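Every number in this text was worked out from the coordinates using simple rules, so none of it is lab data. None of these values were measured; they are calculated from a predicted model. Positions of Cβ are backbone-derived with ideal geometry, glycine not excepted, and every protein chain shown enters the neighbour counts.
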Amino acid sequence: MPKPIVAVVGRPNVGKSTLVNRIAQTRDAIVHESRGVTRDRSYHLADWNGRDFVLIDTGGIESIHSTDVFAPGIREQAIIACDEADVIVFVVDGSVGVTDEDEEVARICRKVKKPVFLVVNKLDNPDNEHDLLWPFYALGVGEPRPISATHGHGTGDLLDDIVAAFPEAVDEPEEEADVLNLAIIGRPNVGKSSLVNCLSRQQRSIVSDVAGTTRDSIDTMIDWKGQRIRLVDTAGIRKRNQVHEDVEYYSLVRGLQAMDRADVCLLVIDCEVGITEQDQKLMGMAVDRGCGIVVVLNKWDLMDTQEKRDKLVSSYNKRMDFAPWAPVVTTSALTGRATDRAVAAAIHASETHSSQIPTPKINDLLAKIREAGHTVSDKGRRLKIQYATQTGTEPPVITFWCNAPDLVNDNFEHFLENRIREAFDLEGTPIRLRFRKRVEKEK
């Protein structure tokens, strides 16, 4: 089931990003005393009491009369976030009181028929917080809640109520074991719909069209050379008569929801436009969610010179260097060119995604690494890995037992991953490496 979405909104500099970092238990959202530091929405995975959800940090909404050149765009993005969210958290600054900008945000929240939680931030002294709450009742969006995002005061009770307000989880029919869930993700207008139409018409028998749990999405069941595939189409983005940025927002949200249901993602990229920041974000989200990935460079037939092709490949290698293991297929969804190869790569990615590497083979590789002397050390301490085994699949998780897990750095982890990928076929799937301290048995 797609994860519920929580949008955090408010005027600038009320502590939205601090609250997001507190809930998501990260420091990904940039926090600064200056107004307007957050301009674009940012997405964060969070969980509370076993319920996962997506947290959206929005830019500060300013008055419609603001002279800030970014204000109209920020305001529009926040409005879209409210429209798409399941729950809205409206943050105000308790140390300042109600401002005209707070009233502007309240008007936006009142128009959206969603649960709204009004949180009064920066109330670090519980003794007098209730006296400071009364002015905020005038905003007309419910009972104000005192919190301190910096210290965590009140955030636990807030999260309890947010989770309780989520839509009820729907018991979906169990997925058939032999069905591959294949999500078609990408920016708007890159050819996702053309690819879905191509796959569901040519040389295949369509089984059925099934209404998906993703909003405005239709799942298509196809049979591909004996492999049953459910195409999770994210092309049905709600078109709005607004700026292009709004449609980009919907593509990210639809992509997030489709990834939650997919085994493998086909990331479709428009060769004519090239590799964009949005493509990077979607790829990063798929990696973070542990999906198998195949990259489809669509409209390859328009790359009619070697110079264009070289430029695109160079840009791809530079921007997508964090996932060099993802296979790349050049296609033309309009003509059907090489779409067979894209599906074949996706099926192979699903196999590696769920593969199980025998423990003896992993430890044979580990012995070779030890013999070559590759390890890390710091201040006289030396990392010694005694044993390794695969402890999870979809994606594969390999756990290493060692004497000092804290010595493992990014460079050594990348080294190990590269050696593992050289030794075993893991094309198309991310892998996770875990390091655990081995407890010596008492003599």
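Observations on the model:
- Angstrom value of the Kirkwood radius, inverse mean 1/r, which spans all Cα pairs in segment 327-397: 15.6 Å
- Rounded to the nearest whole Hz, the Karplus-based 3J(HN,Hα) values (6.51 cos²θ - 1.76 cosθ + 1.60, θ = phi - 60°) of segment 124-135 follow the sequence 8, 10, x, 5, 10, 5, 5, 5, 7, 7, 4, x, with x at glycine and proline.
- Neighbourhood net charge (10 Å Cβ-Cβ; Lys/Arg +1, Asp/Glu -1) for G392: +1
- Of the Cα atoms belonging to segment 295-443, the radius of gyration and Dmax stand at 19.8, 71 Å.
- Cα-projected label distance for D406 with K379, points at 7 Å along beta-carbon direction, nm: 0.8 nm
- Prolate/oblate/rounded call for segment 107-155, Cα gyration tensor, a/c under 1.5 rounded: oblate
- Prolate/oblate/rounded label for segment 272-356 (Cα gyration tensor, a/c 1.5): oblate
- Three-way shape call for segment 317-359 based on the alpha-carbon gyration tensor, with the a/c threshold at 1.5: oblate
- When each of K3/K111; K368/K437; K114/K192; K3/K192; K111/K192; K225/K281 is checked by Cα-Cα distance, pairs over 26 Å: K114/K192; K111/K192; K225/K281
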